[in-house]
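Coordinate-derived values only; no laboratory data. Since the structure is predicted, the reported quantities are computational estimates derived from the model, not experimental observations. With ideal geometry, Cβ positions are generated from the backbone for all residues, glycine too; neighbour counts draw on all protein chains shown.
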Amino acid sequence: MAGRGELIAVIGDEDTVTGFLLGGIGELNKNRHPNFLVVEKDTTINEIEDTFRQFLHRDDIGIILINQYIAEMVRHALDAHQHSIPAVLEIPSKEHPYDAAKDSILRRARGMFTAEDLR
Amino acid sequence: MEAPDLRVELDSLLLQLLRDLEELEGKRAVLNARVEEVGGWGSLRDGQFHPPFSSFSETQEGLQKFEVVRAGIHTPEEVGPGEAAFLSSALRRRKGPAKTPEPQSSEAPQDPLNWFGILVPHSLRQAQASFRDGLQLAADIASLQNRIDWGRNQLRGLQEKLKKLEPGTA
């Protein structure tokens, strides 16, 4: 993470964001933009995607935490992110347990090897 | 580099990758348990925890005002009386009426538990501890993911070199 900001951003439901804000990650940058987004019933996919892309382009964010069920809504944006930083971590939520089969990072890792490659 | 040396390096890299993946899986399980089952949601639910405002957008605004006061840019009066409860911990630290902004940048960050008054439920403290542990795990997992990404790129590079040296095995 050297050379990149140290903030952790969160995109999640109210409980997720509240919990991590309790943990002390809440910040506003010089433009008064927060490093979190609470996804509610009326939050549109465009809003989620825009916020995700903004977090990707900020140079003060090193890690993005996102509930996996929300990640599924913007899977194309996650899959398009090929850089190591910021790191994107999919996390469970109260109603949606974590499913390793859906995780972008782990799917990429599984695709690393084929029988040909290991010969 | 000769093909046998490449193969040795490839095997070594592969083993390291598999170890990293195993470690990633382990840390993931711990993080998920921490956040989802043990401390995070359970404690928040048990404490019937609610943010200090009716909607989270207000909490976001409250957080903005908290940061503004902490930075000494505005006096509490300019921020607004409605947020008095939320800002109480910041206000208590000020000495008398604030005529000129105090430089706040060297102050230690406020504990978010202070948003909810002096006496907070034990379950809320537990939830905070769980989420803080989760943050450390998240940082560890992010580092592991970066290492795995790096290893993956190295692996591809070595495989390409090997195919050039031994086209018959491709």
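Quick notes on this structure:
- Largest mean-square fluctuation among A:Phe55, A:Phe36, A:Phe20, in a Gaussian network model of chain A whose springs join Cα atoms under 10 Å apart, belongs to A:Phe20.
- For chain A, calculated [θ]222 nm from helices alone, where every DSSP H run of n ≥ 4 adds -39500 (n - 2.57): -9500 deg cm²/dmol
- Near-label residues of the range B:1-15 by backbone N, under 15 Å of a point 7 Å along Cα→Cβ of B:Lys161: B:1-14
- Remark: the A:Glu6-A:Asn46 segment gains 11.8 nm on full extension, using 0.36 nm per residue and subtracting the alpha carbon distance.
- Counting only Cα atoms, the size of the range A:51-104 along its three principal axes is 32, 19, 17 Å, in decreasing order.
- Here chain A is described by how far its Cα atoms reach on the three principal axes: 53, 36, 27 Å, from widest to narrowest.
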